[in-house]
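Notes follow the structure.
The values are calculated or read from the model by the stated rules, or taken from the named source; none is laboratory data. Note that the structure is a prediction, hence the values are computed from the model and not measured. Every residue, glycine as well, gets a Cβ built from its backbone with ideal geometry; the counts of neighbours run over all protein chains shown.
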Amino acid sequence: MTEPMTVLINDAVACRQASGVGHYALELLYHLPFVDRDIRAVRLSQTPAGSLLRRKSKSRPRREQQGPALRSTTPGALHQVKQRLRSSLRYIASPLYERYLDWAVDREARTLFHEPDATPPTCQAPTVTTINDLSVLLFPQWHPRYRVEHYERRLQTGIERTDYYLAISSATARDMTRLLGIPENRISVTPLAPRRHFRVLPVASVERARKRLELPRRFLLFVGTIEPRKNVEGLLRAYGRLGNAIRSKFPLILAGGWGWHSDAVREMLRQSPWRDSVRWLGYLDDQDLVALTNAASALVYPSFHEGFGLPPLEAMVCGCPVVTSNRSSLPEVVGDDALIVNPEDEEELTQAMREIVSHRELADELRRRGYRRAARFSWEETARLTARVYRQAAGLEEIYEQPIPWRRSA
């Protein structure tokens with residue numbers, strides 16, 4: 001190629017508080033120039049038409065933590081009212097925002113457009129769309145109304161606008177074919193990877209973070225937005241069955257913001273007789289989250305459904321053993337290198353937590369195996385696979401039979 005191929009990437013989701021999809025967009029933008037110099041990746045928010053997508057505030061996310069006691073960190077009625085008002089405003093503003101996005105992308109896209117969040121706007125350029133998960137169709141009861149209606153309104157038109165799809169796991173790719181009727185030859189699997197900040201830290205760095213965050217010497221950790229599909233209610237009930245002796249030695253720390261329909265979890269935290277053994281830290285920035293994961297005795301992630309499941313993989317690369325569920329993409333990600341449970345069987349989840357805190361040899365073995373497992377994933381490979389799909393969409397390369405680099409051999 002004499003001229004670089006310009007790919008416009010919609011980074012709108014990364015302009016808000018970073019989520020899984022936002023991290024995905026940012027990691028692609030960072031790594032693409034290193035794997036293919038003939039591709040010029042452009043952020044929509046940095047174009048004249050897309051400039052309104054940028055957040056004006058650059059302040060650090062609030063940790064929403066007041067101290068080690070759970071009851072002092074549980075948000076009150078005002079927080080809940082604000083959250084519901086925010087959801088209502090999103091519902092009202094969604095169609096207006098979509099029309100603006102249609103205009104901005106169509107104005108700026110030239111060679112190729114990449115939508116990393118499932119529902120692409122109208123665009124004359126060839127379009128590549130990433131679908132991260134389809135839980136909004138599989139389990140609409142887990143999502144707010146504005147999100148369900150947005151997907152119902154935009155997914156079908158997105159299929160008509162998209163030339164090639166990226167799926168972040170084989171489980172998601174299967175859902176795309178089964179639920180949306182997208183042919184397999186239009187889907188390429190490009191697995192995610194741990195963010196580059198996640199790694200094993202020196203002991204001194206972990207100890208400084210332990211002091212700063214007031215962390216106990218040993219604890220179980222959950223990372224993620226507190227919402228129905230993450231199964232935090234089931235985790236709390238299973239943790240309660242561990243008994244006082246284990247709970248006193250291994251408190252449970254929840255790291256993540258309050259999501260939609262989290263009232264039941266709040267109530268459990270207020271009313272539970274073992275509430276002093278649970279601590280909610282809220283949303284943490286990457287620096288604190290990496291240190292927290294390094295310090296944890298184990299990550300417990302009993303989610304009902306994931307498009308990929310980054311928290312278990314990022315725990316593994318930090319040398320933290322993992323307990324997770326046997327649903328959707330999670331077994332693909334962790335392989336045989338974590339304790340896998342049925343998330344609906346709370347007694348099985350209790351037993352897995354008991355085993356990992358009671359048997360040092362098991363925890364050490366999972367720590368070693370998990371670290372080796374995580375090393376098989378890299379953003380360089382994800383960017384390389386993505387760049388190849390860009391070339392296909394632009395008519396520069398033939399469709400190919402793509403190997404799945406992290407699939408277990410038969």
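Quick notes
- Among (1) within 15 Å of Phe377 (Cβ to Cβ); (2) surrounded by fewer than 23 Cβ atoms within 10 Å (Cβ to Cβ); (3) small (Gly, Ala, Ser); (4) in contact with a strand residue (DSSP E or B) (Cβ under 9 Å, 6 or more places away or on another chain), the one test that Ser297 misses: (1)
- Matching helices (runs of 4 or more DSSP H) fully within the stretch 229-338 where at least 3 residues are farther than 25 Å from Ala375 by Cβ and over 16 Å from the mean Cα position of the chain (by Cα): 232-240, 244-249, 263-271
- Taking the stretch 123-157 as the range and being surrounded by 17 or more Cβ atoms within 10 Å (Cβ to Cβ), more than 19 Å from the chain's Cα centre (by Cα), more than 30 Å from Gly395 (Cβ to Cβ) and polar (S, T, N, Q) as the test, no residue passes.
- In the condition set (1) surrounded by fewer than 16 Cβ atoms within 10 Å (Cβ to Cβ); (2) in contact with a Ser or Thr (Cβ under 7 Å, 6 or more places away or on another chain), Ser325 is compliant with all but (1).
- Of all residue pairs spaced 6 or more apart or on separate chains, those with beta-carbon atoms under 8 Å, a first member in the stretch 300-328 that is in the same structural domain as Glu346 (by TED's automatic domain parsing) and β-branched (Val, Ile, Thr) and a second member that is buried (at least 24 other Cβ atoms within 10 Å of the Cβ) and modelled with pLDDT under 95 are Thr324/Gly309.
- Within the option set Arg367, Arg373, being at pLDDT 95 or above and under 21 Å from the mean Cα position of the chain (by Cα) holds for one residue only, Arg373.
- Residue in the stretch 200-217 that is in a loop (DSSP other than H, G, I, E, B), buried (at least 21 other Cβ atoms within 10 Å of the Cβ) and not assigned by TED's automatic domain parsing to the domain that holds Phe308 present: no
- Any chance Phe308 is farther than 22 Å from Leu235 by Cα and either aromatic (Phe, Trp, Tyr) or buried (at least 24 other Cβ atoms within 10 Å of the Cβ) (or both): no
- Check on Arg376, closer than 30 Å to Leu29 by Cα, in a loop (DSSP other than H, G, I, E, B) and without any contact (Cβ under 8 Å) to a residue 40 or more places away in the chain: yes
- Options Glu348, Glu332, Glu381: the member that is more than 30 Å from Thr129 (Cα to Cα) and at pLDDT 95 or above: Glu348
- Condition check for Arg196: surrounded by fewer than 20 Cβ atoms within 10 Å (Cβ to Cβ) and in a loop (DSSP other than H, G, I, E, B): yes
- For the stretch 219-254, a residue qualifies if it is among the small types (Gly, Ala, Ser) and within 15 Å of Arg270 (Cα to Cα), and exactly one does: Gly240.
- Yes/no for Val7 being crowded, with 19+ Cβ neighbours inside 10 Å, of a type outside the set (Phe, Trp, Tyr) and modelled with pLDDT under 85: no
- Summed over the stretch 92-133, the residues that are modelled with pLDDT of 75 or more and not assigned by TED's automatic domain parsing to the domain that holds Ala171 give a count of 0.
- Sole residue being more than 25 Å from Pro228 (Cβ to Cβ) and of a type in the set (Lys, Arg), chosen from Arg153, Arg210, Arg174: Arg210
- Some residue of the stretch 238-256 being under 24 Å from Pro140 (Cβ atoms) and in the same structural domain as Leu362 (by TED's automatic domain parsing): yes
- Residue satisfying all of: in the stretch 27-46; free of Cβ contacts under 8 Å to residues at least 60 places away in the same chain and of a type in the set (D, E, K, R); surrounded by the fewest Cβ atoms within 10 Å (Cβ to Cβ) among these: Arg37
Conditions (1) closer than 16 Å to Met176 by Cβ; (2) in a helix (DSSP H, G or I), marked per residue:
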residue: Asp117; (1), (2): yes, no
residue: Pro121; (1), (2): no, no
residue: Ala125; (1), (2): no, no
residue: Asp133; (1), (2): yes, no
residue: Val136; (1), (2): yes, yes
residue: Tyr146; (1), (2): no, yes
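- All positions within the stretch 218-227 that are surrounded by fewer than 19 Cβ atoms within 10 Å (Cβ to Cβ) and either among the hydrophobic types (A, V, I, L, M, F, W, C) or part of a helix (DSSP H, G or I) (or both): none
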